[in-house]
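Here's the structure we're looking at; comments come further down.
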Amino acid sequence: MTTEAVIVSTARTGVGKAYRGALNNTEGPTMAGHVMAEAVRRAGVEPDEVEDVVMGCAMQQGTMVMNVARKGAVRAGLPVTVAGTTIDRQCASGLQAIAVVARSIMLDGVEIAIGGGIESISLVQNDHMNRFHAVDDELMAMKPEMYMSMLDTAEIVAERYKIGRDRQDEYSLECQRRIGAAMQAGRFNDEIVPITTTMAVVNKDTREVSYQQVTLSKDEGPRPETTAEGLAKIKPVFEGKTITAGNASQLSDGASACVLMSDKTATKKGLKPLGIFRGFVAAGVEPDEMGIGPVAAIPRLLKRHGLRIDDIDLWELNEAYAVQVIYCRDKLGIDPDKLNVNGGSIAIGHPYGMTGSRLAGHILIEGRRRKAKYGVVTMCIGGGMGAAGLFELVN
């Protein structure tokens, strides 16, 4: 009998604003350990029943180096018998981590494991970032687009596929509206675990740094009061271009973890899963238009599982930039009413390694709420890729 990998719990921090938010001084292992411990508690399993931990992290520097997954497991209070590994598929790292864990369960006999993601942009993507030999000159000569910023690639997608500022702002406004409604209805409450930590506060006048204890219990980024007029007034990052702080995701910090186990183990323990992992694919596209990645990944995923676009009840398409979602949605013919139903990263923020796991946890909880059958988590990936994961919801 085939073994299935099921997700039985999920836990995440609120997403904090990088550099000036509640998590701007929280080390990676502590953040990762916090959500791992809560995910294990919510799953109702003993810590020593967990065999392995896989965490995604795109910016592995500072305390994220030397395997933050293993460090986070120890920080979570899991016994030293629990192994850990950290992987990097940039923006899809958290989703990839869940896929790796699921495959270990399906193919290698692992019974219980944790998959998730972590990113501390505040403590990594700053003046202390290691830039020693950051560019491979031979690769630069061969394919310079590999080193393009996501901002530059977003502008290329906007220009190449004729997606103007007005459409990007319109999508972003709807994203903020949906987030506002979801927060008011408490639709993120079941996934967020509050974290009490120490926040660094910089005095604007003296530049002196002080520290204060804070508790983060919700996402810091959403601006549900946003208006079309307000978005229109924001200057683009590049003069004469289309990308602004209003139609792009903010830099953010956060961590997320999911507990997966075999369907047999879940039945034995009397646990009702949130959903079943059905598959994961990745696909490559030109690096200079990395934002179109899901258009390559999604058809491959659906074909392998004998599904069509209309068979999917819920879509979570991560948007670092609104232009990416607009292109992919229109190109694939995804129903806007099924896409990012509670808003997305334009409002919440995008801690690179965490987001894939956050989206997986959210689509499972929201899918059950809506009595959906299939959900797809998908995203574009730095370097020119797309990824997509298929989940079957358990109602």
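The values are calculated or read from the model by the stated rules, or taken from the named source; none is laboratory data. Computed from a prediction, not measured in an experiment: that's the story for all the values here. As a convention, Cβ positions derive from the backbone with ideal geometry for all residues, glycine included, and neighbour counts pool all protein chains shown. We work out accessible area using only protein heavy atoms, side chains counted, and drop any ligands, DNA or RNA first. Shrake-Rupley method; radii C 1.70, N 1.55, O 1.52, S 1.80 Å.
With θ taken as phi - 60° and the Karplus curve 6.51 cos²θ - 1.76 cosθ + 1.60 applied, the whole-hertz 3J(HN,Hα) list for segment 238-249 is 10, 4, x, 9, 10, 7, 10, 5, x, 10, 9, 6 Hz, x standing for glycine and proline. Computed across the chain, the Kirkwood radius stands at 20.9 Å (inverse of mean 1/r, all Cα pairs). Of all segments of the chain bounded by GluC sites (Glu not before Pro) found in a DSSP loop with no more than 13 other C-beta atoms within 10 Å, the longest spans 1-207.
Of 204, 143, 331, the residue with the greatest mean-square motion in the GNM of the chain, using alpha carbon springs below 10 Å, is 204. Altogether, the Stokes-Einstein calculation at 20 °C and 1.002 mPa s, with the Kirkwood radius of segment 201-280 over Cα pairs as Rh, returns a diffusion coefficient of 116 µm²/s.
Determine the order of 358, 308 by accessible area, beginning with the largest, at a probe radius of 1.4 Å.
Working: 358 10, 308 145 Å².
Most to least solvent-accessible, the answer reads 308, 358.
Of all aspartates and glutamates in the structure, those lying under 15 Å Cα to Cα from residue 272, and not within fewer than 8 positions of it along the same chain, are 4, 263, 392.
For residue 15, the residues whose amide H sits under 5 Å from its own are 219, 220, ignoring neighbours fewer than 5 places away on the same chain, with H placed 1.01 Å from N. Within the chain, the selection of entire DSSP H helices by a Cα span of 24 Å or greater along the long axis and an average Kyte-Doolittle value of at least -0.5 returns 352-369.
What does the helix-only formula give at 222 nm for the chain: each DSSP H stretch with n ≥ 4 adding -39500 (n - 2.57), the total divided by the residues, and the result rounded to the nearest 500 deg cm²/dmol?
On the way: 13 runs with 139 residues, N = 395.
Value at 222 nm, helices only: -10500 deg cm²/dmol.
Residue 80 contributes an accessible area of around 110 Å² to the protein surface, as traced by a 1.4 Å probe with all chains present. Note on residue 223: accessible area approximately 80 square angstrom, rounded to 10, probe 1.4 Å, nucleic acids and ligands left out. Checked against a 25 Å cut-off, the cross-linked pairs 162/218; 162/373; 331/373; 303/331; 143/233 give Cα-Cα distances beyond that limit for 162/218; 162/373; 143/233. The Stokes-Einstein estimate for segment 241-395, based on a Kirkwood radius over Cα pairs and taken at 10 °C with 1.306 mPa s viscosity, is a diffusion coefficient of 100 µm²/s.
Could you report segment 143-256's accessible area per residue, 1.4 Å probe, as an integer in Å²? Write out the running numbers ahead of the final one.
Details: 6480 Å² over 114 residues.
Per-residue accessible area for segment 143-256 comes out at 57 Å².
Just checking the listed ones, 101, 259, 65: in the Gaussian network model of the chain with Cα springs under 10 Å, the one fluctuating most is 65.
Taking all Cα pairs closer than 8 Å and separated by 6 or more residues, the relative contact order of the chain comes to 28 percent.
Phi angles of segment 334-344 translate, via the Karplus equation with coefficients 6.51, -1.76, 1.60 and θ = phi - 60°, into HN-Hα couplings of 6, 5, x, 6, 9, 9, 6, 5, 10, x, x Hz per residue; Gly and Pro are given as x. Taking the 1.4 Å solvent-accessible surface of segment 137-284 as the whole, the part contributed by carbon and sulfur is 52%. Taking amide H as placed 1.01 Å from N in the peptide plane, the amide H of residue 319 sits under 5 Å from that of 345, 346, each at least 5 places away or on another chain. Highest GNM mean-square fluctuation among 93, 104, 357, for the chain modelled with Cα contacts below 10 Å: 104. If you take the Cα centroid of segment 118-181 and the Cα centroid of segment 245-297, the two points sit 19 Å apart. Across the options 3, 321, 332, the greatest Cα extent toward the positive end of the charge dipole of the chain (unit charges at beta carbon of Lys, Arg, Asp, Glu) belongs to 3.
Quick check: with the 1.4 Å probe, what order do 359, 123 take by accessible area, largest first? Provide the component values of the computation, followed by the final result.
Working: 359 5, 123 55 Å².
My answer, sorted largest first, is 123, 359.
So, with a 1.4 angstrom probe, what is the percent of accessible area on segment 336-395 that is carbon and sulfur?
50
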